[in-house]
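Below: one structure, written as structure tokens.
The values are calculated or read from the model by the stated rules, or taken from the named source; none is laboratory data. Since the model is a prediction, treat every value here as computed from it, not as a measurement. Positions of Cβ are generated from backbone atoms using ideal geometry, with glycine treated the same way; all protein chains shown enter the neighbour counts.
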């Protein structure tokens, strides 16, 4: 594995690990803050940190209007539709269901990469996808109970589709830094979401943002899960083939389960051990033998 692939693998792994705690954080506050409000607040907090980091880093900006359509699609699909669908779907179902359904993301990424960039499908990639998907199911199982669970699953599938498309479209803007891509897409998402928020601002004033659970979750989903992890993910996507990079997304349930064991006292099962081994093996095989 060359240094570029190694660095990309580290970035994607850390980003996925950070997102492993997002389902837990969202589930903690989504009963108090509506999913749409939470997404808007998430991007508002993220943008503050992103702009601050850009100023400290003294980022050199450039923009070509011919790339505007790609940024619009990236912002609309991955940053607006996907995140709103994911958090609403998690609200209507469960964190575990969200982890299982979004496990379809790598499969969609492979298909979009094949359709848009003609990345070849081979036995190694297909085998790795099957291994990883089985691993996720073994870790968190399939829990389809609840009044609105089917609607939640449908929204989670849309979230996986739109996130996959966004991850592939990143390849269309290779001349921009990961930080620039993240800031521009975040601004687009905020612009798209704000009209739907106009009637919700009065209700935000009634939320106790001083409560430790609220501000900690907002700090996590905004500064860490969005500002930091999105930049790392976008950078990693430029260093590794799309079909291989999608598998790193499946490290989320491993981290999520470990956090549940550490913070909530949930038991670790044999399925977790076997599922984790399958996911980690699939990532290694896909990156190491991607051209086989």
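Data overview
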item: Helices (runs of 4 or more DSSP H) enclosed by segment 67-170 - at least 3 residues per element that are under 26 Å from residue 222 (Cα atoms), at pLDDT below 85 and within 20 Å of the chain's Cα centre (by Cα); result: 83-92, 95-101, 105-117, 149-169
item: Residue list for segment 34-66, filter: assigned to a loop (DSSP other than H, G, I, E, B) and touching a helix residue (DSSP H, G or I) at 6+ places or on another chain (Cβ under 7 Å); result: 59, 61
item: Residue within segment 203-215 that is farther than 26 Å from residue 72 by Cβ, modelled with pLDDT under 85 and within 13 Å of the chain's Cα centre (by Cα) present; result: no
item: Selection within segment 18-34 - under 22 Å from residue 188 (Cα atoms) and surrounded by fewer than 21 Cβ atoms within 10 Å (Cβ to Cβ); result: 34
item: Among residues of segment 210-245, those that are assigned to a helix (DSSP H, G or I) and either under 26 Å from residue 36 (Cα atoms) or free of Cβ contacts under 8 Å to residues at least 12 places away in the same chain (or both), counted; result: 23
item: Residues of segment 255-289 that turn out to be at pLDDT below 70, assigned to a helix (DSSP H, G or I) and surrounded by fewer than 13 Cβ atoms within 10 Å (Cβ to Cβ), as a count; result: 2
